[in-house]
């Protein structure tokens with residue numbers, strides 16, 4: 001039953017010892033956006049206590065629905081990997097598993113290809129972190145207008161601009177509340193009087 005499932009996002013793995021040396025070129029030739037984990041060579045088998053064989057996890061992001069067998073055939077034929085593939089249920093969980101979450105330094109070892117936008121993907125899986133970052137930017141720069149935030153993001157971090165556009169309502173309301181907050185206005189007026197004296 002599960003093997004008949006169709007999805008646009010599938011995850012797979014392949015082993016370093018059996019993978020073709022030019023696995024990146026092979027994947028590029030498929031013209032399917034993909035992301036690959038760093039080599040996992042320190043994973044321990046819970047049953048035996050021994051290190052697992054060095055391997056990479058990967059994910060394909062297809063434009064249309066693909067079946068288990070279609071993806072399975074690609075992995076076994078092109079990468080000499082195990083035929084078992086799985087639907088990606090959570091991009092966030094996938095990313096955390098790829099990098100083992102506790103060691104974010106692994107991000108630079110992630111490989112992507114065929115137009116996969118890693119920055120956009122990271123923004124999507126870490127949205128709450130980026131929302132906090134944008135709120136901090138608003139506070140640190142004392143922004144009260146949406147335009148100020150957009151111009152800042154455009155000049156300093158274009159990836160944040162995408163998040164701001166997706167969350168326009170939230171950030172516009174937040175900026176409105178800052179602009180009209182009576183406590184903030186009172187503090188600003190007090191500081192202005194102190195400066196005049």
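Just so you know, all these numbers are worked out from the coordinates, no wet-lab data involved. Note that the structure is predicted; figures quoted are calculated from it, not measured. Positions of Cβ are backbone-derived with ideal geometry, glycine not excepted, and every protein chain shown enters the neighbour counts.
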Cα gyration tensor category, rounded, prolate or oblate, for segment 127-192 with a/c compared to 1.5: prolate
Provide the FRET efficiency to the nearest 0.05 for the residue 151-residue 177 pair, computing r from the beta carbons and using R0 = 30 Å. 0.90
Ranked output for segments 7-16, 171-180 by mean other Cβ atoms within 10 Å, highest leading, reads 7-16, 171-180
Shape of segment 2-115 from its Cα gyration tensor (a ≥ b ≥ c, root eigenvalues): rounded if a/c is under 1.5, otherwise prolate when a/b > b/c, or oblate? rounded
